[in-house]
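> First, the structure itself, so that you have it in front of you.
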Protein chains: 2
Amino acid sequence: MPREYQFDFEIRHLIYFREVARLLHFRRAAESLGVAQPSLSRQIAHLESAVGTALLVRSQRRVELTPAGRHLLENIEPWLRQLKRLPAELDAIAQGETGILRVGFTGLAMATVLPGILRELQRTHPGIRVELNESPTATQLEALRSGDIACGFLHPDSLPKGYHHRMLLSERNGVVLPADHPLARRKTLKLHDLAKVPFVLFPRYNNPTFYDRTLSAFSEAGVTPHIVEEIWPRANAIGLVRSGLGATLMCPSEAKILPDEVTFRRITGPTPESRLALAWHGGAHGSGALNAFLQAAGHRLN
Amino acid sequence: MPREYQFDFEIRHLIYFREVARLLHFRRAAESLGVAQPSLSRQIAHLESAVGTALLVRSQRRVELTPAGRHLLENIEPWLRQLKRLPAELDAIAQGETGILRVGFTGLAMATVLPGILRELQRTHPGIRVELNESPTATQLEALRSGDIACGFLHPDSLPKGYHHRMLLSERNGVVLPADHPLARRKTLKLHDLAKVPFVLFPRYNNPTFYDRTLSAFSEAGVTPHIVEEIWPRANAIGLVRSGLGATLMCPSEAKILPDEVTFRRITGPTPESRLALAWHGGAHGSGALNAFLQAAGHRLN
DNA sequence: TCGAATTGATACTCACGAGGCATCAATAAA
DNA sequence: TTTATTGATGCCTCGTGAGTATCAATTCGA
C-alpha cells in the first residue's frame, strides 16, 4: 500500500465515526453498525491518528465530541448522503434516464424531424438535457470524432467509416426566388433556366461533398452557376434572396415557411439532392442518453 | 465486514479511478499512484461492480470514460480535494486557529477588558469567530455547565468547583446619582449617607451571591436600602437614575462613560466590591479556539 | 504480412489489518 | 461494598489488497 497517494482513512472510518458521534456511545454504535465494539474502538482510534486530531473525548463513562469532531461530523454528513445515492445516479446516467447530450444539427433537421424527436425524448426521458449546436456537416464530423457531440444530424454522403447512421430524408432541391422575379411565374423550373440568375450558396468547406455535387448538377444541366455569395446557416440565404441579391437552392421541407417576398419552385431534371441522416459514433458502448435519443428518433420515424 | 452499513467501495477506489480517468491509461495511472498495474485494474473493476455501472470502456488499446464515469469524475473531484485538506482543517480547529467560540459576558466586561481581548484575538487568530452573549452571572454559570458557552466573563464569587477562572479586576462600587441631587455636590459619600435615597439594583437571581453581599454592605453601614426597581442589564439602571427614579451602585470602570445628567461619586467605608473573572470549563480537553481566547485574554492582562 | 511492442486482464502467492472473542480497568449505581 | 456498564487491549482468524509473472488482444513498423 503506497504512501504518497494514499489517504490514511477510508469511507468506512467516516461511517463508523458518524455513528459514534450520533449516539455518543461506542457499544450502541457498534451494535447499530453490526460490528463488535472493540473493532469499532480501534477503527475510530485509527481515524483519529490518521487525521492527527482527537475527535472524541472518552471519559470512561461518557463520550463527547471535540470541536474538530463536531466539524468533521457536520462536513461528512452531506457527503455520505450523496455517496449513498451515487450508484443509483450513475445507473440512471448509464441507462440514459438522465444526463447531458450534445447534438449537432443543420437547418434542415430543425425544419423537419428534430422538433418531434426532442418532444418525444422529453416525454420518455425528462431527465435528459439536450445541448443543441447548429453546425455544418464538416464541423459536425469533426465534433463527432472528438466526442464534442454524441450524434449529429448531417448530410451523410461524406460520412467516414466507423460511424452508424440512420437515413432520415432525401429531397430534390428546388429554387427560392424573389417573388417578383420573372421566372417565379412558372410553376416548375429546370436548372438550365437559371443559367443567368445570380446564386447564393454555402461555403464549400461546410460540406465539400454536397457542394461539389451541387456544381455537378449544374454542369449536368449544361450551365455554370453564377455564385455571388456563400453564406451559412442556410436560412440566411433566404434573407439575401429576399433582398433581391439572387436565388438559392433549397429542399422543400426547409423552404416550407418562407416570407411573402420570396417564392419556392420545384426543379425538374437534374438537381442536387439534400440528404439528412442522424449519425453517431460507432462505439459499442453507446451512452445511455444517446441510446434514449436514438430510440426517440426511431420512434419518430416509425 | 457487515453488509448493511457498508459501502462497497472506499476512498482508495475513488482516488484510483480519478487517476485512471485523468490519464486514461492504466499502466501510467498505476505508476503515478505507486501501485502495480494489475492491482489497479482489479480495484477499478471492483469499483465498477460496487456501483453497478461501467465507468470506463477498455478497448485493449484505448481507455475512455462512459457518461457515468465522466459524471463520477466530476462529482468526486471537489470532494477529494476537500478530503485532502481535512486533516489540516481539523488540526486548525483543534489548535484553535479557527472555529466558533460562544462567550458570555456582563456589562462590566464590555466596559473594560473585553474589547481589547477581542482585538487581540482577531490579530492572532483571524479565523475564530466569537459569538457574544450578554447575560448575568447565574445564567452564564448554567450556560457553562450545559456547554452553551465555552467561557464567560462573570462575577466569580459563586463559581462552583470544576471551573477554571482568572481574576480580571475587583473594584469598590461607587454611586451614580442624578447630577442635580443634593448629595452630588459632595466629592465622596458613605453608604450611610444614602439611607434615604431610593435605589435601583439588579434582580437577585442574576447573581444571588453579589446581591446578598450588596445588602450586607448596606447593613454594615447601618442602613437598609430603599430598593425601588430591579433591572438588567445594569446599563439600564443609568437610564433610570437619569430619569430621577433613584440612584444605583456601580463600579468606576462601568461608570466611566455617563450622560451629563448623572454623576458618579466614590464611596468610602463599606461598599460592595464588583469582581470580574474569566471562567471556563475545567475539562482537560479545552477546545483550541478556547485556548486561543484564553491566550488572548492573558496577553491583554500582562 | 509478420514479428515486436504495448495494452489491460488473469493466476497465484503473500502479508497487512479489520473483525471477532475474551478480558481488563475505570467509573457509576445499588 | 458489590454490581453493572463503559471503552480499551491482547490475541487469533481470515478476507482482500498488492506484488510478480504471464496472457490475450491490438497496434505499429519494416
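The values are calculated or read from the model by the stated rules, or taken from the named source; none is laboratory data. Here the structure is a predicted model, which means the values were calculated and not measured. Here Cβ is always computed from backbone atoms with ideal geometry, including for glycine, and neighbour counts include all displayed protein chains.
Listed here are the residues, each with its yes/no results for (1) within 16 Å of DNA strand D (Cβ to nearest atom); (2) more than 8 Å from every other protein chain (Cβ to nearest Cβ); (3) more than 30 Å from B:L144 (Cα to Cα); (4) outside any helix (DSSP H, G or I).
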{"site": "B:A50", "(1), (2), (3), (4)": "yes, no, yes, no"}
{"site": "B:R81", "(1), (2), (3), (4)": "no, yes, yes, no"}
{"site": "B:L90", "(1), (2), (3), (4)": "no, no, no, no"}
{"site": "B:P115", "(1), (2), (3), (4)": "no, yes, no, no"}
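> Just a yes or no: is a residue in region A:249-272 touching a residue at least 40 places away in the same chain (Cβ under 8 Å) and closer than 22 Å to A:P160 by Cα?
yes
> Name the residues in region A:23-40 that are within 12 Å of DNA strand D (Cβ to nearest atom), part of a helix (DSSP H, G or I) and out of contact with any Lys or Arg (no Cβ under 9 Å at 6 or more places or on another chain), would you?
A:L23, A:R27, A:R28, A:A30, A:E31, A:P38, A:S39
> What number of residues within region B:18-35 are within 8 Å of DNA strand C (Cβ to nearest atom) and surrounded by fewer than 14 Cβ atoms within 10 Å (Cβ to Cβ)?
Adding up the residues that qualify gives 2.
Residue-wise test of (1) in contact with a Pro (Cβ under 6 Å, 6 or more places away or on another chain); (2) assigned to a helix (DSSP H, G or I); (3) surrounded by 14 or more Cβ atoms within 10 Å (Cβ to Cβ); (4) of a type in the set (F, W, Y).
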residue	(1), (2), (3), (4)
A:S216	no, yes, no, no
A:G222	no, no, no, no
A:L278	no, no, yes, no
A:L294	no, yes, yes, no
A:G298	no, yes, no, no
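> Regarding region B:146-157, can at least one residue be identified that is hydrophobic (A, V, I, L, M, F, W, C), surrounded by 15 or more Cβ atoms within 10 Å (Cβ to Cβ), at pLDDT below 90 and touching a Gly at 6+ places or on another chain (Cβ under 6 Å)?
Yes, region B:146-157 contains a residue that is hydrophobic (A, V, I, L, M, F, W, C), surrounded by 15 or more Cβ atoms within 10 Å (Cβ to Cβ), at pLDDT below 90 and touching a Gly at 6+ places or on another chain (Cβ under 6 Å).
> Kindly check whether there is at least one residue in region B:124-135 that is crowded, with 20+ Cβ neighbours inside 10 Å and without any contact (Cβ under 8 Å) to a residue 60 or more places away in the chain.
Within region B:124-135, one or more residues are crowded, with 20+ Cβ neighbours inside 10 Å and without any contact (Cβ under 8 Å) to a residue 60 or more places away in the chain.
> Could you please find all residues in region B:173-189 being touching a Pro at 6+ places or on another chain (Cβ under 8 Å) and either within 20 Å of B:S274 (Cα to Cα) or not in a helix (DSSP H, G or I) (or both)?
B:N173, B:G174, listed by residue number.
> Name the residue, out of B:G222, B:G239, that is at positive phi and not polar (S, T, N, Q).
On inspection, the qualifying residue turns out to be B:G222.
> Take the residues in region A:92-103 that are touching a strand residue (DSSP E or B) at 6+ places or on another chain (Cβ under 7 Å) and assigned to a helix (DSSP H, G or I), then tell me which one is farthest from the other protein chains (Cβ to nearest Cβ).
A:A92
> Taking B:R12 as meeting all but one of (1) at the interface with chain A (Cβ under 10 Å from one of its Cβ atoms); (2) touching a Phe, Trp or Tyr at 6+ places or on another chain (Cβ under 8 Å); (3) over 23 Å from A:A88 (Cα atoms), write down the number of the exception.
Just one mismatch for B:R12, condition (3).
> Further question: Which count do you get for residues in region A:46-69 that are within 9 Å of DNA strand C (Cβ to nearest atom) and out of contact with any Leu (no Cβ under 8 Å at 6 or more places or on another chain)?
4
> Continuing with the same structure: Name, by its number, the condition in (1) within 9 Å of another protein chain (Cβ to nearest Cβ); (2) assigned to a helix (DSSP H, G or I) that does not hold for A:V57.
Of the numbered conditions (1) within 9 Å of another protein chain (Cβ to nearest Cβ); (2) assigned to a helix (DSSP H, G or I), the odd one out for A:V57 is (2).
> Might you let me know whether region A:176-187 holds any residue that is in contact with a Phe, Trp or Tyr (Cβ under 6 Å, 6 or more places away or on another chain) and touching a residue at least 24 places away in the same chain (Cβ under 8 Å)?
Checked against the condition, which is being in contact with a Phe, Trp or Tyr (Cβ under 6 Å, 6 or more places away or on another chain) and touching a residue at least 24 places away in the same chain (Cβ under 8 Å), region A:176-187 yields at least one hit.
> A follow-up question, please. With respect to the numbered conditions (1) surrounded by fewer than 18 Cβ atoms within 10 Å (Cβ to Cβ); (2) out of contact with any strand residue (DSSP E or B) (no Cβ under 8 Å at 6 or more places or on another chain); (3) of a type outside the set (D, E, K, R), which one is the sole condition not fulfilled by B:A179?
All conditions pass for B:A179, except number (2).
> Which condition number in (1) at the interface with chain A (Cβ under 10 Å from one of its Cβ atoms); (2) closer than 23 Å to A:R81 by Cβ; (3) of a type outside the set (D, E) is the one that B:L65 fails?
Of everything listed in (1) at the interface with chain A (Cβ under 10 Å from one of its Cβ atoms); (2) closer than 23 Å to A:R81 by Cβ; (3) of a type outside the set (D, E), B:L65 misses just condition (2).
> Another question, if that's okay. Among A:L86, A:L108, which is the only one that is in a helix (DSSP H, G or I) and away from chain B (no Cβ under 11 Å)?
Only one candidate passes the filter, namely A:L108.
> Within region A:263-276, track down each residue that is part of a loop (DSSP other than H, G, I, E, B) and either more than 13 Å from A:T209 (Cβ to Cβ) or over 35 Å from the mean Cα position of the chain (by Cα) (or both).
A:G269, A:P270, A:T271
> Quick check, is A:E64 within 29 Å of B:L101 (Cα to Cα) and either near DNA strand D (Cβ under 10 Å from one of its atoms) or at pLDDT below 85 (or both)?
In short, yes.
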